[in-house]
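Working notes, beginning with the structure itself.
Just so it is clear, none of the values below were taken in a lab; they were calculated from the coordinates. Since the structure is predicted, the reported quantities are computational estimates derived from the model, not experimental observations. Methodologically, a virtual Cβ is constructed for each residue, glycine included, from the backbone with ideal geometry; neighbour enumeration extends over all protein chains shown.
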Ligand code: CO
């Protein structure tokens, strides 16, 4: 059980398409991988984490779904794929790989996801709202895509200098360090 560093914007692994998981080959390590991912996600204060954010080239992600204030389930998606999508919704989105940065990001309202669960069983899930957004965000990660890629051109242009500046700040953030604290990034730094 360990907390790992979350890869940040600028780390090359985030831009690579992850490898399809061979469930049988990974089965014996899966429990400890998922434990590390959960601990890392919690330490960083996130509601989702993809394996490549933690440095693993695997098509695998966790999405935390909150049923109520103190009830949640962690949904494990292995080799996930969005097979149906509909509607459009724009809302604030952020990412542990770009801490402190939030931007209004357009997503499908509803998606149907096919994946394997942690037991290696095929599952089909229909999600709406925040969960649908989280699935799209994590599945994008597994394909080397970040939420900032989804922004309108004008926002992307305005974001450029912010990213250049923040990249240096983010590079120093290490969630696995014993003195890690949630980064104090001022809103002004991340405004664009
Ligand atoms: Co993310």
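Below is a table of values for the structure above.
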read-out	value
Selected residue (only one of 112, 67, 160, 156 is out of contact with any helix residue (DSSP H, G or I) (no Cβ under 8 Å at 6 or more places or on another chain), within 18 Å of residue 14 (Cβ to Cβ) and away from the ligand (no atom under 16 Å from the Cβ))	160
Output for the range 126-142, where each listed residue is crowded, with 18+ Cβ neighbours inside 10 Å and more than 16 Å from the ligand (Cβ to nearest atom)	127
Sole exception among (1) more than 11 Å from the ligand (Cβ to nearest atom); (2) part of a loop (DSSP other than H, G, I, E, B); (3) in contact with a helix residue (DSSP H, G or I) (Cβ under 6 Å, 6 or more places away or on another chain); (4) closer than 27 Å to residue 29 by Cα for residue 119, by number	(3)
Odd one out for residue 145, checked against (1) within 16 Å of the ligand (Cβ to nearest atom); (2) touching a residue at least 12 places away in the same chain (Cβ under 8 Å); (3) more than 13 Å from residue 8 (Cβ to Cβ); (4) not in a strand (DSSP E or B)	(2)
